[in-house]
Amino acid sequence: MLRTTFAAGLVGFTALAFAVSAPQPAAADTDFIRIATAGSGGNYYRLGGGLAAIYNDVLDGSQASIQATGGSVENLDLLADQEVEVAYLTGSVGQQAFTNTGRFQDRPQGRYDGLRAIATVYPNPQWFIAIDDDITSLRDLEGKRVSVGTQGGAGENWWRSIMDHLGWTYADIKPEFTVHQAAIDQVRNRQIDAIIWPDAPGSASIQQVADTGFGRVLDLDADVIEKMTTDSLDYAYTVPASANPFGETPIQTFASPITFATHSGMSDDMVYALVKAMFENKERLIGVHPLAEYMTLENATSGLPFPLHPGAERFYREMGVL
């Protein structure tokens with residue numbers, strides 16, 4: 001955790017004379033809380049901005065800010081290198097990093113040993129949206145222009161696993177590494193044939209895709225759901241009809257728990273203060289993004305990809321959920 005020291009500037013001769021003659025005040029220390037999110041405008045970014053405002057208001061001596069990133073994989077690297085204090089990330093991707101499996105199997109052993117969890121905050125289902133009328137299954141994406149999410153993000157990590165299951169490589173599709181506004185513009189301009197990336201129920205991005213008037217949301221192939229939920233934190237998930245902006249039917253897919261995480265270099269007292277402020281100001285966070293409704297004490301410690309930080313564990317024990 002970074003710390004900095006600052007002194008208030010003094011203006012004018014009288015103030016300067018006083019400063020010379022009077023005892024100097026003790027230096028004030030500021031705890032910097034850098035929150036790694038993802039692309040600007042996405043769910044992580046909006047929630048992180050709301051959380052930073054809360055921390056700045058209620059935690060004395062702290063200065064919180066958000067950092068736009070490439071998503072989960074980059075956030076895991078930033079945490080491992082202790083270049084940020086906290087981050088949002090996809091649980092199953094975090095599990096791969098902590099266990100040196102999946103796309104992390106060639107990374108240095110032990111690099112991610114210091115990852116620590118603070119809370120599970122909401123479910124993140126995979127969306128499969130077809131713009132081309134000929135697409136009825138994932139297997140119809142061969143040769144198509146497909147938005148697969150930003151490179152290194154959770155969505156692209158999932159897509160790589162799906163391609164491995166299908167026996168494909170990127171040579172089998174025409175990938176577009178876009179998400180959110182960029183992908184929405186591609187749909188509106190008919191520049192892509194399909195979208196395959198995760199986003200939360202009620203997401204503004206998914207709603208905006210539906211508002212273009214193009215596209216149909218489809219169930220994922222059953223064998224893909226089984227593949228993605230075997231030996232993983234990912235789980236079969238039904239998007240309720242009420243959260244389907246394309247129609248009035250539920251959607252069969254899979255989801256991953258989104259984790260709010262930190263690293264072992266953070267003090268117990270600081271992490272305790274962070275998680276306490278987050279839950280005590282939940283209603284304010286809901287005002288920033290309705291996704292915060294999913295953040296509950298009952299679910300906070302379920303589906304974690306790596307150990308709880310002791311500071312978070314102390315809070316949950318005090319609240320009677322551990």
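Figures for the structure shown
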quantity: Region 188-205 - residue that is in contact (Cβ under 8 Å) with a residue 24 or more places away in the chain and assigned to a helix (DSSP H, G or I) and, of those, least open to solvent (accessible area, probe 1.4 Å); calculated: SER205
quantity: Every residue from region 258-278 that is open to solvent by 10 Å² or more (accessible area, probe 1.4 Å) and not hydroxyl-bearing (Ser, Thr, Tyr); calculated: GLY265, ASP268, ASP269, MET270, ALA273, LYS276
quantity: Tabulated pairs, region 266-290, first touching a residue at least 12 places away in the same chain (Cβ under 8 Å) and closer than 12 Å to ARG314 by Cα, second open to solvent by 60 Å² or more (accessible area, probe 1.4 Å) and in a helix (DSSP H, G or I), C-beta under 8 angstrom, 6+ apart or interchain; calculated: ASP268/PRO310; ASP268/ARG314; VAL271/PRO310; TYR272/ARG314
quantity: Some residue of region 216-233 being over 20 Å from the mean Cα position of the chain (by Cα), closer than 24 Å to ALA117 by Cβ and at pLDDT below 95; calculated: yes
quantity: Qualifying helices (runs of 4 or more DSSP H) (wholly inside region 206-322; at least 1 residues being farther than 24 Å from ILE54 by Cα); calculated: 222-229
quantity: Test: residue in region 236-255 that is of a type outside the set (A, V, I, L, M, F, W, C), in contact (Cβ under 8 Å) with a residue 24 or more places away in the chain and under 18 Å from GLY149 (Cβ atoms); calculated: yes
quantity: Condition check for ILE225: touching a residue at least 12 places away in the same chain (Cβ under 8 Å), closer than 23 Å to GLY155 by Cβ and either of a type in the set (Ser, Thr, Tyr) or open to solvent by less than 20 Å² (accessible area, probe 1.4 Å) (or both); calculated: no
quantity: Check on PHE246, in contact with a strand residue (DSSP E or B) (Cβ under 8 Å, 6 or more places away or on another chain) and surrounded by fewer than 22 Cβ atoms within 10 Å (Cβ to Cβ); calculated: yes
quantity: Residue in region 151-163 that is open to solvent by 30 Å² or more (accessible area, probe 1.4 Å), part of a loop (DSSP other than H, G, I, E, B) and touching a helix residue (DSSP H, G or I) at 6+ places or on another chain (Cβ under 7 Å) present; calculated: no
quantity: Residues of region 84-100 that turn out to be part of a loop (DSSP other than H, G, I, E, B) and within 27 Å of TYR316 (Cβ to Cβ), as a count; calculated: 2
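The values are calculated or read from the model by the stated rules, or taken from the named source; none is laboratory data. Computed from a predicted model, the values in this text were never measured in an experiment. Heads up, the Cβs are rebuilt from the backbone with ideal geometry, glycines too, and the neighbour counts pull from every protein chain shown. Ligands, DNA and RNA are excluded from the accessible area calculation, which covers all protein heavy atoms including side chains. Shrake-Rupley method; radii C 1.70, N 1.55, O 1.52, S 1.80 Å.
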